[in-house]
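Note sheet for the following structure.
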């Protein structure tokens, strides 16, 4: 059965297969109902994406609340992302089998229940289980929005829908730490999860009442590729775990990381082979035959690195170097969110009028320049110093994200939209995980390298080191410290560690800027073109 798409008909004309309650008595499309249904899906995607980072600035409070260790608490974020990565590519198949509305309403209901259970957690074990289930339900709400935007709306309305989706994807992770920090400070950490209840109920109502955009094909249930599903699950879980935990475990020095890498490679090859040969694949790989989709796929990976990387490195610097509280970190991060929110309407119009290659190159170039300002970061940088970096980076990422999304589907038929949306959202999350893994390794290794260099330059055998130590010792003596030389050595060591860490952060900003610069160059390879007409048949298979 072909996917029903309002985009394939003329404005005001009823589709060949009526879409639920969206057709008026005169046979025209009731766009108010369409927007209400789509708006409900938008709210669901926003909450699902927001919950990736909403715990970022409150992990210490959660750790104390459930009695978790420093190693265990990182799983509060990791397990959520692992679950999302598994369900996102599967969502396209589920919506084609059952229809978008029932899948989305069920996911929203599950998201509410699992959010409540996570907020009521009393141990790290309980929270890991509930966060995994929360991630599964959240991941099912993420890719359907972009697919709906590209299939339900006619071309003149798709830009608005694309901008809305781009705004959610970029804004939600950015304001996550801000909202989370203030919620924890005003109430307590449990409200990081209870806050999902009201919008979740709104999503269920709007999508349940107005989200009848397509019809499922129950026949797809008869030939589910269980072998391919298992291979995909093992592949994605193994790969995501390696990227998330590899840097902290010394990569291949750890046996578990090594064997999971081998497992990911083997199951990844098996999964691709299965999808290319099975008559009814779980994830259609046909969109990769399109050059623009493949380029957009790679650019969405880079934009994921920049988005998640920037959201990771800034709070880390402000917390470790500046000793900011969760609320102070959130307030500083607000600049990115405001920039994206205010620029979204303008960006949508600009991207629509321009050659997509110009938008891609300009967006990623701006993001590279903005992040690159952080290369010269110092220990004194605070709100105002990071304001310009965040504003330029936020605007650039917004342009690049919307342009990359538009490029990915610019020459694809409507029948492939659901599969393409799942793949684009998947690579954004995986790209973010890869970026965080590399970024963590860069920060660790470069900080250690700079520490060795600074220590060598400031050793007691060097004149500079002797002069510095003598000056600090004299200062400690003036302050009446009991052991002035010991205190001076300790103070000097702390200063060296801080300087080395700041230089490591500068290298981290350089890595993010370099990634965006490479993506800007890839933009020249795109081939602008209008999407071909929808192919007959459904499912993208």
The range 23-127 -> Rg/Rh from Cα coords, Kirkwood Rh, value 1.11
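Evaluate 2.2 N^0.38 Å with N set to the residue count of the range 347-411, then give the Cα radius of gyration divided by it.
Values: Rg = 13.8 Å, N = 65, 2.2 N^0.38 = 10.7 Å.
Its radius of gyration relative to the 2.2 N^0.38 Å reference: 1.29.
So how much slack lies between residue 123 and residue 262, counting 0.36 nm per residue of separation and subtracting their Cα-Cα distance, in nm? Before the final figure, lay out each step's value.
On the way: separation 139, 0.36 × 139 = 50.04 nm, distance 3.24 nm.
Residue separation times 0.36 nm, minus the Cα-Cα distance, leaves 46.8 nm.
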Distance in Å, no decimals, from the C-alpha centre of the range 310-349 to the one of the range 257-287 is 37 Å
Of all C-alpha pairs within the range 95-204, those more than 23 angstrom apart amount in percent to 38 percent
Ranked output for segments 334-346, 269-281, 118-130 by mean other Cβ atoms within 10 Å, highest leading, reads 334-346, 118-130, 269-281
A correct fewest-to-most ranking of 182, 450 by other Cβ atoms within 10 Å would be 182, 450
So, for the Cα atoms of the range 225-279, Rg and Dmax in Å stand at 12.4, 41
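Can you put 415, 69 in order of Cβ neighbours within 10 angstrom, beginning with the fewest?
So the residues, fewest neighbours to most, are 69, 415.
Any read-out appearing in this document is the output of simple, stated calculations on the displayed coordinates, not a laboratory observation. Since the model is a prediction, treat every value here as computed from it, not as a measurement. Reconstructed Cβ throughout: ideal geometry from the backbone, glycine too, with neighbour counts over all protein chains shown.
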